[in-house]
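The values are calculated or read from the model by the stated rules, or taken from the named source; none is laboratory data. Given the structure is predicted, the values throughout are model-derived calculations rather than measurements. Don't worry about glycine lacking a Cβ; one is built from the backbone with ideal geometry, like all the others, and counts go over all protein chains shown. These area figures cover heavy atoms from the full protein model, side chains too; ligands, DNA and RNA do not enter into them. Shrake-Rupley method; radii C 1.70, N 1.55, O 1.52, S 1.80 Å.
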Amino acid sequence: MTAEARDGGGTTAVGTALAEHLGAPVRATLIATSGSSGTVTRLTLIGDHALLVIQVIAERDGETFLAPGAELRFATADQLWPALTAALPPFEALRAPASAVPGPALGSTPSTGPVVDRAELVRLLDDEQANLQVSVEAWGDSDAPEVVWPRLWSVVDGRLLDVRTDDGAVAPVERPAGSVAAELQWALVGAVDATTPEPGTGAEGEARQ
């Protein structure tokens, strides 16, 4: 199927869709693990249409690898989060929708959980139940993404930690359930904006933030 897409789509509707998404301007990768299992999800977005390519992370004889085959899911932007959640570890902290986040609107100062000593949060990472690496990319005409929004999330004792660094040191912050969906939505909107030409400027007038 991948070869068919690279050859221009072949004669099937799925092959044609895959071919269209190979050069999508908005792309994301989500790597989710919990214990010895996990998934790698590659997301591409063209207009209101998203394609998810989901592969299972397997372990055998002490080695980790991507299992053969992949699951394809097509979704509109409104259906995107429900389509993604089944590929995430079964923790409400990760799977909750953006609407679960209390407080300010999307794109404003992120909501945080209870104020907890940073050293305590770092210690909690040793008992991690699941983690999720997210990278959203805005692609133009170059061979590399022009803007990248990276994020690392961790679930410990059912609590969601936004894992960042401060002067090279791990600096986790507790966040409310729904923050993963909200941050992904915000990053995708940013990627769409970054790859959409400004009115009247043509193909060379893409917005650069």
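Brief remarks follow.
Here is a yes/no grid of residues against (1) of a type in the set (D, E, K, R); (2) outside any helix (DSSP H, G or I):
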site	(1), (2)
24	no, yes
56	no, yes
59	yes, yes
74	no, yes
81	no, no
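- Scanning the range 96-122 for residues that are open to solvent by 80 Å² or more (accessible area, probe 1.4 Å) and at pLDDT 80 or above yields a count of 1.
- Meets criteria (modelled with pLDDT under 90, over 30 Å from residue 193 (Cβ atoms) and open to solvent by less than 20 Å² (accessible area, probe 1.4 Å)) for residue 66: no
- Subset of the range 176-187 [within 17 Å of the chain's Cα centre (by Cα) and not aliphatic (A, V, I, L, M)]: 178, 179, 183, 185, 186
- Any hit, the range 24-33, residues being over 12 Å from the mean Cα position of the chain (by Cα) and within 25 Å of residue 194 (Cβ to Cβ): yes
- Screening residue 74 with (1) open to solvent by less than 60 Å² (accessible area, probe 1.4 Å); (2) in contact with a strand residue (DSSP E or B) (Cβ under 7 Å, 6 or more places away or on another chain); (3) of a type in the set (Phe, Trp, Tyr) gives one miss only, at (1).
A quick yes/no check of all residues on (1) open to solvent by 50 Å² or more (accessible area, probe 1.4 Å); (2) over 17 Å from residue 188 (Cα atoms); (3) aliphatic (A, V, I, L, M); (4) modelled with pLDDT under 95:
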residue	(1), (2), (3), (4)
43	no, no, yes, no
52	no, no, yes, no
62	yes, yes, no, yes
93	no, yes, yes, no
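- Residue match in the range 7-22 (condition: under 27 Å from residue 187 (Cβ atoms), open to solvent by less than 70 Å² (accessible area, probe 1.4 Å) and part of a strand (DSSP E or B)): no
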